[in-house]
Amino acid sequence: MRTAFPKIATIILAITSVAFMGMSVAAYFGRPNPIAEMGAEVVADYKFESATTAEGTSWTVTPNTGTDRASKQHPTAYAALLDAFDSKSSQMKSETSTMTQRTTEIRDAFTQIDSDQKLDVDALSQRIAVLVQRAEAEHSEQMQKSQELQGLSVETKVLRDETTRRRQDVIRLQNELEELKTDRFRLVDLRRVLTDRLLRFQLENEDLEIRFQQMKELTDQ
């Protein structure tokens, strides 16, 4: 999984780069409509308002989420849209950084837990093998004693109870081993989900960067 992920990410980034290149060419020959862009899902967390005065039309952009919801006024729709893209890009970068750090922490924790579980599994496997061998040896010995001491029924019962107890220990240890394997599978699945989520954040962040550059170039013209 760790070897395949960079290759998959490289392929996706290459396809995305080609798509964004086509979008850049289209943006160069066809100037985007800032009013239409304000309805894009990527800036759905921002409210755009226009005000007409004697000096002209100005635009105000206000975040609908987050702790800082202060409104900012801009002379043009392009400037207001660029401000929203810039704010969203900064937010996505912060979330991506946090997700990357969290993923790294979980990956490190998984590596440690996986290492510890392997040691536990090996120890349990060895213990099970010892108990099975001991139970078989004791069972053979008990059968021999049972044949030799047919008259001592009480002693025979005690020996049989001991064999049953040891067999129960073997079953209990086997169940613990299966639980450890199940926990390990859950951690592997959690790492896969977080890796997919991090990839989506990175792709969304790249989309925002490209939109930001487009808006910035149009504003500078």
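If you place +1 on the Cβ of every Lys and Arg, -1 on the Cβ of every Asp and Glu, and leave all else neutral, what size is the dipole of segment 129-216 about its Cα centre, to the nearest 20 Debye? Please report the intermediate quantities before stating the final value.
Values: 17 positive and 18 negative charges, 50 e Å.
Value, rounded to 20: 240 debye.
Kindly sort His74, His139 by accessible area of their heavy atoms, largest first, with the probe set to 1.4 Å. Show your work: numbers first, answer last.
Working: His74 35, His139 70 Å².
The ranking, largest first, comes out as His139, His74.
Give the lysines whose C-alpha is closer than 19 Å to that of Lys145, dropping any in the same chain fewer than 8 places away, or say none.
Hits, sequence-local ones excluded: Lys157.
Considering amide H positions built from the backbone, and no H for Pro or chain starts, which residues 5 or more places from Tyr46, or on another chain, come under 5 Å of its amide H?
Asn64
Counting heavy atoms of the protein chains only and a 1.4 Å probe, report the per residue accessible area for segment 54-152 as a whole number of Å².
63
Within the accessible area of segment 153-200, what % is carbon and sulfur when the probe is 1.4 Å and the other protein chains stay in place?
53
The values are calculated or read from the model by the stated rules, or taken from the named source; none is laboratory data. Treat the numbers as computed from the prediction; the structure is a model and nothing was measured. Please note: Cβ atoms are built from the backbone with ideal geometry, for glycine as well, and neighbour counts cover all protein chains shown. SASA here: full protein model, heavy atoms, side chains in, ligands and nucleic acids out. Shrake-Rupley method; radii C 1.70, N 1.55, O 1.52, S 1.80 Å.
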